[in-house]
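Participant: Quick one: structure below, then a few questions.
The values are calculated or read from the model by the stated rules, or taken from the named source; none is laboratory data. Just so you know, these numbers come straight off a predicted model, no measurement behind them. Note that each Cβ is placed from the backbone with ideal geometry, even for glycine, and that neighbours are counted across all protein chains shown. Areas reflect the complete protein model, heavy atoms only, side chains present, ligands, DNA and RNA absent. Shrake-Rupley method; radii C 1.70, N 1.55, O 1.52, S 1.80 Å.
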Amino acid sequence: MPGAVAFVAFVIPSLACAQHVKLMTSPGIEFGLNASYYKYREPSVAVTEQGFNAGLDLVFTATPGDDWFIRGDGSFAYGHNDYTGAGTKDDNPYWYAEFRGIFGRDFEYDRYGLSPYSGIGYRYSFDDLRGVTSTGAIGYRRKSQYIYIPVGVIHRLRLESSAKLSTTLEFDYLVKGQQKSYLRDAAALVPDQTNDQHRGYGIRASLYYEKANWSFGPWFRYWHIDQSETTSATVTALGTTFTTRFFEPKNTTTEIGLRFGYKF
């Protein structure tokens, strides 16, 4: 009997301590370092760009009360891609920046927590293909912008008293995309073109091991953008006038990476 009493006296406080560990969003500032493999494809014209990026991100999180949270984050990545299409051309500079604001609410259960969220996001990318490919084709610069609505959920699983596994799944609804192609880089008489993109979506996922102020794990991002609207321009060369039509083909972007983060 004394042994049983001692056992209960030891176990109950331990369980209470473990249950006290929260699986909810915590406020603070988090800094992240990223390394990733990037691949862009236009299947209808057999164009591919792929390479490796290095990046960083900064996340600000506030918890105003009643289990609600607000988060703002910004990220930047830079790399060099290899082009395959009208010939090949390696080592092309590429970078993107992204800014997001989200709000959500935490729901904590026995061993796990769920945090659904939504908000608004903006993605800007710049691709520099200037130069000549292996077949003599002349490349040009491209600027891409997406405005989208993220809808996702974070699942946190308690592994031990001081560690947890955080999984995020997210769907991104494209509100508007816009692609600007600097065609004058390739042909001085052809005007630059801006094409609006109205249909598309993105998918994100991540799996992070978190302990104390540190986190580490893989992440995945995917974009599927349908063909853009078609634009036209009138060009006069050597006394001849003709009309050019231009559109951005349906394309996909896939990025797989690893992130290391520290929260202050």
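Participant: Given the pairs LYS176/LYS263; LYS39/LYS263; LYS89/LYS250; LYS39/LYS211; LYS89/LYS176; LYS143/LYS263, which span a C-alpha to C-alpha distance of over 25 angstrom in this model?
Facilitator: In this structure, LYS176/LYS263; LYS39/LYS263; LYS39/LYS211; LYS89/LYS176; LYS143/LYS263 lie more than 25 Å apart at Cα.
Participant: By the scheme Lys and Arg +1, Asp and Glu -1, what is the net charge of all other residues having a beta-carbon under 11 Å from that of THR230?
Facilitator: Once positives and negatives cancel, what remains is -2.
Participant: Moving on. Under the 0.36 nm per residue contour assumption, what length would be gained going from the current alpha-carbon distance of VAL45 and ILE29 to full extension?
Facilitator: Taking VAL45 through ILE29 to full extension adds about 1.4 nm, to one decimal.
Participant: Okay, next question. May I ask you to list the aspartates and glutamates whose Cα is less than 19 Å away from that of LYS22, ignoring any residue fewer than eight positions away on the same chain?
Facilitator: Candidates past the 8-residue exclusion: GLU30, ASP66, ASP67, ASP106, GLU108, ASP110, GLU160, GLU210.
Participant: Tell me, what % of the accessible area of region 186-264 is carbon and sulfur with a 1.4 angstrom probe?
Facilitator: Roughly 61 percent of what the probe reaches on region 186-264 is carbon or sulfur.
Participant: Determine the per residue accessible area of region 220-264 with all protein chains present and a 1.4 angstrom probe, expressed in square angstrom.
Facilitator: Each residue of region 220-264 exposes 57 Å² on average to a 1.4 Å probe.
Participant: Also: Spelling out what I want: for every residue of region 153-164, take phi, set θ = phi - 60°, compute 6.51 cos²θ - 1.76 cosθ + 1.60 (Karplus), and round to whole Hz; glycine and proline get x.
Facilitator: Using θ = phi - 60°, the values come out as 9, 9, 10, 10, 10, 6, 9, 7, 5, 10, 9, 8 Hz.
Participant: Counting Lys +1, Arg +1, Asp -1, Glu -1, what net charge surrounds THR253 among other residues with beta carbon under 14 Å of its beta carbon?
Facilitator: -1
Participant: Under a 5 Å amide H to amide H cut-off, with H placed in plane at 1.01 Å, what residues pair with LEU129 once short-range neighbours are removed?
Facilitator: TYR140, ARG141, ARG142
Participant: Using 1/(1 + (r/R0)^6) with R0 = 25 angstrom and r between the beta carbons of VAL153 and ALA54, what's the FRET efficiency to the nearest 0.05?
Facilitator: 0.30
Participant: Out of THR168, THR240, THR254, any idea which swings most in a Gaussian network model of the chain, alpha carbons joined below 10 Å?
Facilitator: THR240
Participant: Right, something else. Enter the angle in degrees (range 0 to 90, nearest 10) between the Cα long axis of helix 2-20 and the first principal axis of the Cα atoms of the chain, meaning the one along which they spread out most.
Facilitator: It works out to around 30 degrees.
Participant: Taking Cα centroids, how far is region 53-114 from region 187-226 in Å?
Facilitator: After rounding, the separation between the Cα centres reads 9 Å.
Participant: Just subtract the alpha-carbon distance of TYR112 and VAL132 from 0.36 nm times their residue separation and send over the number in nm, one decimal.
Facilitator: Contour length minus Cα-Cα distance gives 1.8 nm.
Participant: Then there is this: Can you give the extra length, in nm with one decimal, that the chain gains between PHE99 and THR241 once fully stretched, where that is 0.36 nm per residue apart less the Cα-Cα distance?
Facilitator: Working it through step by step, the gained length comes to 46.8 nm.
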